[in-house]
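Notes to accompany the following structure.
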Amino acid sequence: MKNKYSALSLIKNAFTNNKNWKPAIKNAEPKKSYDAIIVGGGGHGLATAFYLAKNHGIKNIAVVEKGWIGGGNTARNTTIVRSNYLWTEASLLYEKSLKLWEGLSREINFNVMFSQRGVYNLGHTLQDMRDIERRVSANRLNGIDAEVVNAEQIKKEIPYINTSSSARYPILGASLQKRAGVARHDAVAWGFARAASDLGVDIIQQCEVTDIIKSNNQIHGIETSKGRIESNKVGLVVAGHASVLAAMANLRLPLESHPLQAYVSEPLKPVLDTVVMSNAVHGYISQSDKGELVIGAGIDPYIGYGQKGSFCTIEHCMQAIMELFPYFSRVRMLRQWGGIVDVSPDACPIISKTPINGLYLNCGWGTGGFKATPGSGWVFAHTLANDEPHQLNAPFSLERFSTGALIDEHGAAAVAH
Amino acid sequence: MLLINCPWCGERDETEFSYGGEAGIVRPENPEILSDEEWGDYLFMRKNTKGVFTEQWNHSSGCRQWFLVKRDTVTYKIIDSYKFDRSDSENKGSK
Ligand SMILES: Cc1cc2nc3c(=O)[nH]c(=O)nc-3n(C[C@H](O)[C@H](O)[C@H](O)COP(=O)(O)OP(=O)(O)OC[C@H]3O[C@@H](n4cnc5c(N)ncnc54)[C@H](O)[C@@H]3O)c2cc1C
Ligand SMILES: [Zn+2]
């Protein structure tokens, strides 16, 4: 690494008043052509570029981002990382990612503040508890840590939660994944960008892709606001804009882009040292290192590219949090924002080749792709490099929407994030 | 929050409505003669338009009627809302 971060480098730079730090990322201008172009400088695009360079020895790569890196959903999400999905296909993919998270700060020499503080998915009805038992059993059969806990155990670990049986939606129990947790979203984008940049990847910001060039069913490159860039391999990793980019190549996708909002409170002293999610009342909550409560819920129902949603969605989410934590009733909320999430019919991503040679898709992560960032980049890099999916992402093909082999994670994975 | 004009009841809060997605998707008359790709296209593929978009809404907590809305999906501004039987070229099935 050109600029290796360590305790020693901190001390050394402190002695020179921190004036000698080098820029972490080289800001590149486009070259005429590349071996591979990644469209979209979110976490998934940057991770793809990093693993392409690191694992597959392809060095002549560009990441083309219309705004700034990590300005999309990557830096707008509530950072929950877990792998306790129901179906084998999904749980193996997310578990691959979780394993990469466990070594990520070291691998990219950047502290992504991955904190395995555990995630509780609450059950409020007998049917919820049966679904939880089933999912926990499925997880364990797939070698993923998971356990069922009862209301008493929850109360012991999370003192401020309301486990009273007179609650409108009483908490009966939960699934607990102890290896799950949260990470610092900006650091994930910056860390992957820096590590990729160090391996020679060009990271081109403020460069919007406006068209995709192809002939005879083969990709030749892209048109951008900074001119034409050639390549016979292009990967689209643009989340909420996947349908817009695919349409440039005359490809239809099974996606709908919705606003998804998040909310942050004023900073509090530590009150919540884990992550709590509830599908039934539809809200989830954790506390950031700065002390803010980080809160989210479901999508706004309509298609929206505006990075904002409706007030009624905020109200609904706050009601859910109040149901779980009446104690927070007088906490003031400070900030609110939205992202554009690309929701697929089976709540699973598309990480796939396309009918067009040299065009690859990584999209459809919807409300829950942050947790998959390293794993998604890892399998997508494999797919681009070999022109074949890895066995972990083969089931997540675009063809499944005509073969019918959907991977239905809708209700199964508790709250979708 | 959207203020939606139900063609029967007038302007009401978004919370009274439920969303029905893209308008103009017509169920194929003879599914059995379609290829898997064509059937998959009907079931799953969507325009997901960025910009002016025609969509269906149901006044589920009101008169329970379905109707059409033309809305900009970037600004969320509602341009028009109307009944299905309006003779309007916009209103025809589209792909
Ligand atoms: C409020 C909210 C909460 C969430 N909570 C969670 C959570 O707790 N856990 C979880 O796992 N996931 C969560 N998610 C989902 C998660 O954020 C996403 O699935 C993930 O970050 C997607 O990463 P990405 O790199 O694919 O997309 P993005 O970070 O959105 O990157 C796509 C990039 O493509 C760029 N782009 C678009 N069009 C063009 C163009 N024409 N030319 C060039 N570049 C273009 C965009 O500017 C953007 O930077 C949440 C999302 C939101 C919005
Ligand atoms: Zn009405």
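Read-outs throughout are calculated quantities, based only on the coordinates presented, and are distinct from any laboratory measurement. This one's a predicted model, so the numbers in the text were calculated from it and none came from an experiment. Quick reminder, even Gly has a Cβ in these numbers, built from the backbone with ideal geometry, and neighbours come from all protein chains shown.
Note on chain A: Cα convex hull, mean projected area over all directions, 20.5 nm². Based on the reciprocal of the average 1/r between different C-alpha atoms, the Kirkwood radius for region A:300-417 equals 16.7 Å.
Starting with the fewest neighbours, write out A:S166, A:S278, A:S402 ranked by other beta-carbon atoms found within 10 Å of each beta-carbon.
Listing A:S166, A:S278, A:S402 from fewest to most nearby Cβ atoms yields A:S166, A:S402, A:S278.
Of A:V343, A:V188, the sequence from fewest to most neighbouring Cβ atoms within 10 angstrom is A:V343, A:V188.
Using the Cβ of A:V39 as centre and a radius below 11 Å, the other residues enclosed give a net charge of -1, where K and R count +1 and D and E count -1.
Among the residues of B:64-75, the average count of other protein chain beta-carbon atoms within 10 Å of the residue beta-carbon is 2.
Annotation: peptides A:60-73, B:28-41, ranked by per-residue average of other Cβ atoms within 10 Å with the highest first, follow the order A:60-73, B:28-41.
If region A:185-243 were replaced by its equivalent ellipsoid, with semi-axes equal to the square roots of 5 times the Cα gyration tensor eigenvalues, what would those be, largest first, whole Å?
Listed largest to smallest, the semi-axes of region A:185-243 are 24, 14, 12 Å.
Once the Cα atoms are used to define both axes, helix A:43-56 deviates from the longest principal axis of chain A by about 60 degrees. Charged neighbours of B:Q65, selected by a Cβ distance under 14 Å, balance to +2 (K, R count +1; D, E count -1).
Ranking A:W365, A:S197, A:V234 by how far each Cα lies toward the positive end of the dipole of chain A (charges on Cβ) leaves A:S197 at the top.
Once you list every other residue whose beta carbon is under 11 Å from the beta carbon of A:L98, what net charge do they have if Lys and Arg are +1 and Asp and Glu are -1?
Residues near A:L98 contribute +2 overall.
What length, rounded to one decimal in nm, is gained on full extension from A:S329 through to A:N386, with 0.36 nm per residue of separation minus their alpha-carbon distance?
Extra length from A:S329 to A:N386 when fully extended: 15.2 nm.
Label zone (A:V271, point 7 Å along Cα-to-C-beta; backbone nitrogen cut-off 14 Å) within region A:147-176: A:158-162. Once Lys and Arg get +1 and Asp and Glu get -1 on their Cβ, which of A:V281, A:I303, A:A246 lies farthest toward the positive end of the dipole of region A:246-311? Projecting each Cα onto the dipole axis, the largest value belongs to A:A246. A Gaussian network model of chain A, with springs between Cα atoms under 10 Å, assigns the largest mean-square fluctuation among A:K178, A:K155, A:K22 to A:K22. Taking chymotrypsin sites (Phe, Trp or Tyr not before Pro) across region A:132-223, the ones in a DSSP loop with at most 13 further Cβ atoms lying within 10 angstrom of their Cβ are A:Y160. The alpha carbon centroids of region A:19-80 and region B:1-75 are separated by 36 Å. Counting Cβ atoms of other protein chains within 10 Å of each Cβ in A:250-258 and taking the mean gives 4. Between A:N109 and A:S288, the modelled label-to-label distance comes to 2.8 nm, taking each label 7 Å out from Cα in the direction of the beta carbon.
Comparing Cα centroids, region A:181-243 and region A:98-135 end up 28 angstrom apart. Against chain A, whose longest principal axis comes from its Cα atoms, helix A:185-198 is set at around 20 degrees.
Hey, got the dipole for the protein assembly as shown? About the Cα centre, +1 on K and R Cβ, -1 on D and E Cβ, debye to the nearest 20?
1900
Computed about its Cα centre, the charge dipole of region A:33-126 is approximately 160 debye, with only Lys, Arg, Asp and Glu carrying charge at their Cβ.
The long axis of helix A:126-141 is offset from the longest Cα principal axis of chain A by roughly 50 degrees. Of the candidates A:E323, A:E152, A:E133, which one comes out as most mobile in a Gaussian network treatment of chain A with C-alpha springs shorter than 10 Å? Most flexible of the set in this elastic network: A:E152.
Need one value for A:295-304: mean number of C-beta atoms belonging to other chains within 10 Å of its residues' C-beta atoms.
Partner-chain Cβ atoms within 10 Å, mean over residues of A:295-304: 5.
By the count of other C-beta atoms within 10 Å, a proxy for reagent exposure, B:F17, A:F50, A:F15 are ordered fewest to most as A:F15, B:F17, A:F50. Here the simple spin-label model places points 7 Å from the Cα toward Cβ, and for A:N217 and A:T16 these points are separated by 5.7 nm. Going by a ≥ b ≥ c, the root eigenvalues of the Cα gyration tensor, does region A:121-167 fall in the rounded group (a/c under 1.5), the prolate group (a/b larger than b/c) or the oblate group? In terms of gyration-tensor shape, oblate. With the simple model of a label 7 Å out from the Cα in the direction of the Cβ, B:W66 to A:E399 spans 3.4 nm.
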